[in-house]
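The numbers here are math on the coordinates, done by the rules we state, and not lab data. Note that the coordinates shown come from a computational prediction; the quantities given were computed from them, not determined experimentally. Cβ placement follows ideal geometry from the backbone for every residue including glycine, while neighbour counts extend to all protein chains displayed.
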């Protein structure tokens with residue numbers, strides 16, 4: 001899921017680091033087996049950011065939040081693996097659509113199209129080891145924030161589990177969400 005956020009950042013970078021041109025004729029250069037996108041009109045950059053980058057970022061963020069909740073409430077390893085595979089399938093839907101519905105000629109043209117970016121010190125820094133350290137720290141921060149966000153739910157789940165298994169009082173059997181068959185733990 002964090003890979004989707006990284007691809008959104010790369011997509012945003014490709015759109016905004018390409019040079020601005022005045023006419024559509026200046027946007028593409030055709031070579032032997034390669035099509036180069038060398039520039040975009042300012043209007044195209046804005047439209048691509050609004051209609052491509054923003055929705056893709058929103059989907060990636062929502063998928064991360066919902067996927068984290070989906071996996072946090074898993075009690076056993078089998079369901080965790082199945083849920084992780086289900087999330088991976090959801091993430092790979094765009095690739096499956098591309099591979100299934102595009103003709104081989106269109107896929108080949110798209111694969112042979114490259115974007116020429118104007119590279120500055122920031123893009124070189126993101127690709128160096130310092131950029132990788134920053135990315136690792138962001139991932140650690142996100143995992144810690146998830147842990148803090150779901151602390152109460154996890155404590156409740158743990159208390160409920162202990163109560164339903166060790167409590168001598170009959171009150172623990174009244175709570176339906178404490179049983180293994182409950183919907184609460186399979187969200």
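To test your reading of the geometry: what angle, between 0 and 90 degrees and rounded to tens, separates the Cα axis of helix 151-166 from the longest principal axis of the chain?
30 degrees
Show that you can apply the helix-only estimate: for the chain, add -39,500 (n - 2.57) for every DSSP H stretch of four or more residues, divide by all residues, and state [θ] at 222 nm to the nearest 500.
Calculated at 222 nm, the ellipticity per residue is -20000 deg cm²/dmol.
Could you work out how far helix 2-17 tilts from the main Cα principal axis of the chain, as a 0 to 90 degree angle to the nearest 10?
Computed tilt is about 20 degrees.
Could you work out the relative contact order of the chain, using alpha carbon pairs under 8 angstrom and six or more residues apart, expressed as a whole percent?
26 percent
Give me the angle, in degrees from 0 to 90, between the Cα long axis of helix 54-72 and the longest principal axis of the Cα atoms of the chain, rounded to the nearest 10.
On a 0 to 90 degree scale, this one is about 20.
Quick one: Cα centre-to-centre distance for region 1-78 and region 137-152, in angstrom?
25 Å
I need the calculated FRET efficiency for the pair residue 22 and residue 66, taking r as the beta carbon distance and R₀ as 41 Å, to the nearest 0.05.
Efficiency for this residue pair is about 0.45.
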